[in-house]
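Take a look at the structure below.
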Amino acid sequence: MIKVKRIYDRPSKDDGYRVLVDRLWPRGLTKEKAKIDLWVKEIAPSDSLRKWYSHDPRKWERFREKYSQELEARQDVVNLIIHKMKEEDVTLLYSSKEDKFNNAMALKAWLEEDKRKWP
């Protein structure tokens, strides 16, 4: 199962394997408090895509399309998460204040949309 959670929220036993999917480390948070198992910077949207999107909900669908293209090109990194998902629950962690329109939600949707991509 894939879950999505803001990294500033309290870690829980139900989180399973905690994966930070942001390119930048969250402000004001120590690695000890974050309690992450893996930080996959390479799976985050490119800097240019992230800056273009700027968490504008009107750009959400186009952002997802562009991000999907980037994910297709990074299948080796995506496979790290997919392999973990086969073993246990995975929680994708993000730092944005936006809880519906963020890269972790887009990644979760992309992973769930087409499981044929899975190795």
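Points to keep in mind about this one:
- Going through (1) in a loop (DSSP other than H, G, I, E, B); (2) among the aromatic types (Phe, Trp, Tyr); (3) surrounded by fewer than 15 Cβ atoms within 10 Å (Cβ to Cβ) one by one, TRP52 falls short only on (1).
- Within region 9-25, the set of residues being at negative phi, touching a residue at least 60 places away in the same chain (Cβ under 8 Å), surrounded by fewer than 19 Cβ atoms within 10 Å (Cβ to Cβ) and in contact with a strand residue (DSSP E or B) (Cβ under 9 Å, 6 or more places away or on another chain) comprises ASP14, TYR17.
- Among the candidates GLU61, GLU113, GLU32, residue that is within 25 Å of ARG10 (Cα to Cα) and of a type in the set (Asp, Glu): GLU32
- Taken over region 15-38, residues that are out of contact with any helix residue (DSSP H, G or I) (no Cβ under 9 Å at 6 or more places or on another chain) and not in a helix (DSSP H, G or I) amount to 5.
- Residue count for region 27-36 satisfying the condition of being buried (at least 16 other Cβ atoms within 10 Å of the Cβ) and either among the charged types (D, E, K, R) or modelled with pLDDT of 95 or more (or both): 1.
- Only one of ALA104, ALA109 that is assigned to a helix (DSSP H, G or I), hydrophobic (A, V, I, L, M, F, W, C), in contact with a strand residue (DSSP E or B) (Cβ under 9 Å, 6 or more places away or on another chain) and under 12 Å from VAL4 (Cα atoms): ALA104
The values are calculated or read from the model by the stated rules, or taken from the named source; none is laboratory data. This structure is a prediction, so every number in the text was calculated from the model and none was measured. Positions of Cβ are generated from backbone atoms using ideal geometry, with glycine treated the same way; all protein chains shown enter the neighbour counts.
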